[in-house]
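Colleague: Please read through the structure below; I'll follow up with questions.
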Amino acid sequence: MGQILDGKRIAESLRATVARAAADFTDRMGRPPGLEVVLVGEDPASSVYVRNKARACEAAGIRGVVHTLPASTSEQALIARVHALNEQPNVDGILVQLPVPAHIEADRVFDAVDAAKDVDGFHPLNAGLLFEGRAGLVPCTPWGCMRLLDAAQIEVAGKHAVVVGRSNIVGKPAAMLLLQRSATVTMAHSKTRNLPALCRDADILIAAVGRPEMIRGDWIKPGAVVLDVGINRNDESKLVGDVAFAEALEVAAFVTPVPGGVGPMTIACLLENTVRAAWMRAGLPPSELKL
Ligand code: GUN
């Protein structure tokens, strides 16, 4: 029987560290770090996520503002809003919540965000820095996965890490971070052959596909570490991950639950990125950040 990797508890501890760094920034700069979240339309799930992000900011001593724009907002108007936030000196982080309505090309919006304020780590400059293993802003969910591994004192170097899912938001950056830590990384996706056998070879398995309970207990290597990034509703409308949790817990050494695993880490890392962006914009070298 494995252990539940309690993301909620680990995220609380990270949030306390971030709150100290935010208070230090406020003392020295005379203003708190600031995050502005832009939501286009009123997708119910997104509205909840965005509200939670703003609340978490306030609790950490970060100024959090949500802009809700109508679903009919044009791409041009959204980009104009982003440009205006780029220009505001007291704004350290800009996050445009996904998904955006179909008439908006998300890539063009993310390209418009000042890379120094790109707390999502989605700007091509930050993606390129991550690719090269250089300091930049890293997407929150994969960064949260690495922090979970660290909190559980899991050695990454030399391990076989399998990342299932190749999105720009989770799969690809997660693979880069694992590679940087000297894991042997395999990226699996919808065209991968014999996925169960591949997963069974993983010492570290990251599931980020968005299919309810797709990864079964017999896909998991005994003693593996399983990080479940999925948030899905099953047929009974229950919130479940990409991994069959109870089955996985029988085999693995560690498994993250859904909810309460990777999700809380994403928000904590967003706060971390905001304070990191604030300090970097103020000229503090990243090596001196106590985060
Ligand atoms: N929607 C779901 N997750 C995310 C995320 O990490 N960033 C943004 N911008 N939108 C999201």
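The values are calculated or read from the model by the stated rules, or taken from the named source; none is laboratory data. It should be emphasised that the depicted structure is a prediction, and the values quoted were computed from it without experimental measurement. With ideal geometry, Cβ positions are generated from the backbone for all residues, glycine too; neighbour counts draw on all protein chains shown. Accessible surface is based on the protein model in full, side chains and every heavy atom, while ligands, DNA and RNA are left aside. Shrake-Rupley method; radii C 1.70, N 1.55, O 1.52, S 1.80 Å.
Colleague: Show me the trypsin sites (Lys or Arg not before Pro) within the range 215-291 that DSSP assigns to loop and that have at most 13 other Cβ atoms within 10 Å of their Cβ.
Modeller: Lys238, Lys290
Colleague: Out of the total accessible area of the range 66-128 (probe 1.4 Å, heavy atoms of protein only), what percent is carbon and sulfur?
Modeller: C and S atoms contribute 56 percent here.
Colleague: With a/c under 1.5 counting as rounded, go ahead and sort the range 1-148 into rounded, prolate or oblate using the C-alpha gyration tensor (a ≥ b ≥ c being the square roots of the eigenvalues; past the cut-off, prolate if a/b is larger than b/c, else oblate).
Modeller: Taking the square roots of the gyration eigenvalues as a ≥ b ≥ c, the range 1-148 is rounded.
Colleague: Rounded, prolate or oblate: which fits the range 1-64 when a ≥ b ≥ c are the square roots of the eigenvalues of the alpha-carbon gyration tensor, with rounded for a/c under 1.5 and prolate only if a/b beats b/c?
Modeller: oblate
Colleague: What do you get for the angle between helix 262-281 and the principal long axis of the chain? Use alpha-carbon atoms, 0 to 90 degrees, nearest ten.
Modeller: 40
Colleague: Now a separate question. Report, in debye and to the nearest 20, how large the dipole of the range 174-217 comes out about its Cα centre when Lys and Arg carry +1 and Asp and Glu carry -1 on their Cβ.
Modeller: 140
Colleague: Please list, by residue number, every one of the trypsin sites (Lys or Arg not before Pro) in the range 101-164 that is coil in DSSP and has at most 16 other beta-carbon atoms within 10 Å.
Modeller: In loop regions of the range 101-164 (DSSP not H, G, I, E or B), the sparsely surrounded trypsin sites (Lys or Arg not before Pro) are Arg134.
Colleague: Further question on the same structure: Magnitude of the Cβ-charge dipole of the chain, K/R +1 and D/E -1, about the Cα centre, nearest 20 debye?
Modeller: Roughly 300 debye, rounded to the nearest 20.
Colleague: Take every DSSP beta bridge with both residues inside the range 137-291 and express the antiparallel ones as a percent of the total, to the nearest 5.
Modeller: That works out to approximately 10 percent antiparallel.
Colleague: With every protein chain left in place, what is the accessible area per residue of the range 93-202 in square angstrom, probe 1.4 Å?
Modeller: Computed with neighbouring chains in place, this is 45 Å² per residue.
Colleague: About the Cα centre of the range 148-258, what is the dipole size in debye to 20, counting +1 per Lys and Arg Cβ and -1 per Asp and Glu Cβ, all else neutral?
Modeller: Charge dipole of the range 148-258: 460 debye, to the nearest 20.
Colleague: Name the GluC sites (Glu not before Pro) in the range 36-80 that are in a loop by DSSP and that have at most 12 other C-beta atoms within 10 Å, would you?
Modeller: Here the GluC sites (Glu not before Pro) that fit, given the DSSP loop and packing criteria, are Glu42.
Colleague: Related question: In nm, what is the difference between 0.36 nm times the number of residues separating Ala152 and Leu291 and their Cα-Cα distance?
Modeller: Contour length minus Cα-Cα distance gives 48.3 nm.
Colleague: Got a number for the accessible area of Cys140? Probe 1.4 Å, square angstrom, nearest 10.
Modeller: 10
Colleague: Turning to a different aspect of this structure: Could you tell me the distance between the Cα centroids of the range 20-87 and the range 173-233, to the nearest Å?
Modeller: Distance between centres, Cα-based: 32 Å.
Colleague: Over all alpha-carbon pairs in the chain, figure out the percentage whose distance exceeds 36 Å.
Modeller: Roughly 15 percent, rounded to a whole number.
Colleague: Which of the cysteines in the chain are isolated, no other cysteine C-beta under 4.7 Å?
Modeller: Cys57, Cys145, Cys199
Colleague: Placing +1 on the Cβ of each Lys and Arg and -1 on the Cβ of each Asp and Glu in the chain, which of Val258, Ile204, Ala106 has its Cα farthest towards the positive end of the resulting dipole?
Modeller: My answer, from the dipole projection, is Ile204.
Colleague: How much of the DSSP bridge set in the chain is antiparallel, in percent, rounded to the nearest 5?
Modeller: In the chain, approximately 5 percent of DSSP beta bridges are antiparallel ones.
Colleague: At a 1.4 Å probe, what is the % contribution of carbon and sulfur to the accessible area of the range 159-215?
Modeller: Carbon with sulfur: 50 percent of the solvent-accessible area.
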